[in-house]
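To start, the structure itself, in structure tokens.
The values are calculated or read from the model by the stated rules, or taken from the named source; none is laboratory data. Every value quoted in this text rests on a predicted model; they were computed, and no experiment measured them. Backbone-built Cβ (ideal geometry, glycine too); neighbour counts: all protein chains shown. Calculation scope for accessible area: heavy atoms of the full protein, side chains included, ligands and nucleic acids excluded. Shrake-Rupley method; radii C 1.70, N 1.55, O 1.52, S 1.80 Å.
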Amino acid sequence: GKQTKFLTITGGEPSLLKDKLIEILRFCKSYLPNTKVAVLTNGRMFSYCSLVDAINSVGMKFLEIGIPIHSCNQDIHDRITQIPGSFAQTVLGVKNLNNSNNNVEIRIVIQKDNYLEMDKLADFIIKEIPNISRVSFIGMEMLGSAIKNSKETWVSYQEIGSNLEEAILKLLTHKIKVDIYNIPLCKVNENLRSLCVKSISDYKVRYLPECDSCKEKANCGGIFASSLNSIKQEGVNPII
């Protein structure tokens, strides 16, 4: 109803709907004028200015478009997406949207292929898209092919934490808003914990028995049920 605070449009790939996506956004503007609407997309179709112009013509006040950039190295990005040429299309799509005053969130899903170069990706964003609305660093949800290829995709929260700080501090220094999703508070450096968002759906979130002694449990986003086996090997560090 009209009291809806948030609405997320995802897929599949919603931009492939083209005109139908624009119809959906027009409907949202008319019937949910105060709702914050997020569109999660790979961003490639926005390399075409016609779709960007169509989005702009809707004139939505509370629209944010979330687009993953996995790496500043096109070979790594394209290997993760498994689509040759996707890096160039995605970056152009982000720039086209951003340059026409849309709110764009760059989503960095942290995995083994990119966790060591997050600071380089931060440098790339600062140089190429310095006025981006927001950058989100996102812990992986282990589903489907991620589970099958866990040895190639999963990286421990401990390793993520030790590589995350420099990237985030670079972005914050350049006045770029940063959020951290899907990483337990105890695995994030204390000075960055205020950036953590409780983002895992109630039915998917789990805690380890050791979490009961943590004074920050109520503020912690917890662990994906699908990641429990991975984090059990690593353990948690309750904040006492």
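I need the fraction of alpha carbon pairs in the chain separated by more than 24 Å, rounded to a whole percent. Across the chain, Cα pairs with separations above 24 Å total 48 percent. Ordering Glu190, Glu117 by accessible surface, largest first, gives Glu190, Glu117; the 1.4 Å probe counts only protein heavy atoms, with every chain in place. Relative to the longest principal axis of the Cα atoms of the chain, the long axis of helix 118-128 lies at roughly 20 degrees.
Output the 0 to 90 degree angle, nearest 10, between the alpha-carbon long axis of helix 86-99 and the longest principal axis computed from the alpha carbons of the chain. The angle comes out near 70 degrees. Length gained on full extension, Ser30 to Thr10: 5.2 nm, using 0.36 nm per residue less the C-alpha separation. Principal-axis analysis of the Cα atoms of the chain puts helix 157-173 at an angle of about 50° to the longest axis. For Val104, the residues 5 or more places off, or on other chains, whose built amide H falls under 5 Å of its own are Ile65, Ser133, Arg134.
Going down the table (Lys36/Lys170; Lys2/Lys170; Lys61/Lys198; Lys127/Lys187; Lys18/Lys120; Lys61/Lys151), which pairs top 31 Å between alpha carbons? Pairs exceeding the cut-off: Lys2/Lys170; Lys18/Lys120; Lys61/Lys151. Once the Cα-Cα distance is subtracted from the 0.36 nm per residue extended length, the Ser201 to Ile76 segment shows a gain of 42.0 nm. DSSP assigns beta bridges within the chain; of those with both partners inside it, close to 5 percent run antiparallel. Dividing the C-alpha radius of gyration of region 151-214 by 2.2 N^0.38 Å, with N its residue count, gives 1.24.
Inverting the pair-averaged 1/r between distinct Cα atoms of region 99-240 gives 15.7 Å as its Kirkwood hydrodynamic radius. Summarising the amide proton neighbourhood of Asp179: residues at separation of 5 or more, or on other chains, whose placed amide H is nearer than 5 Å comprise Val135, Ser136, Phe137. The mean sequence separation of alpha-carbon pairs under 8 Å and at least six residues apart, normalised by the residue count of region 1-65, gives a relative contact order of 42 percent. Phi-derived couplings, Karplus 6.51 cos²θ - 1.76 cosθ + 1.60 at θ = phi - 60°, listed residue by residue for region 222-229: x, 10, 4, 3, 6, 9, 4, 4 Hz, with x used for Gly and Pro. R0 = 45 Å: FRET efficiency of Ser213 with Leu92, Cβ-based, nearest 0.05? Calculated transfer efficiency: 0.35. A cut-off of 5 Å between modelled amide H atoms, ignoring neighbours fewer than 5 places along the same chain, links Gly222 with Leu185.
Legend: residues Thr4, Thr10, Thr35, sorted from most to least accessible area (1.4 Å probe; ligands, DNA and RNA excluded), read Thr10, Thr4, Thr35. Over the chain, DSSP H runs of length four or greater, each weighted -39,500 (n - 2.57), average out per residue to a 222 nm ellipticity of -10500 deg cm²/dmol. Which aspartates and glutamates have a Cα lying under 14 Å from the Cα of Lys204, excluding residues fewer than 8 positions away in the same chain? Within reach: Glu141.
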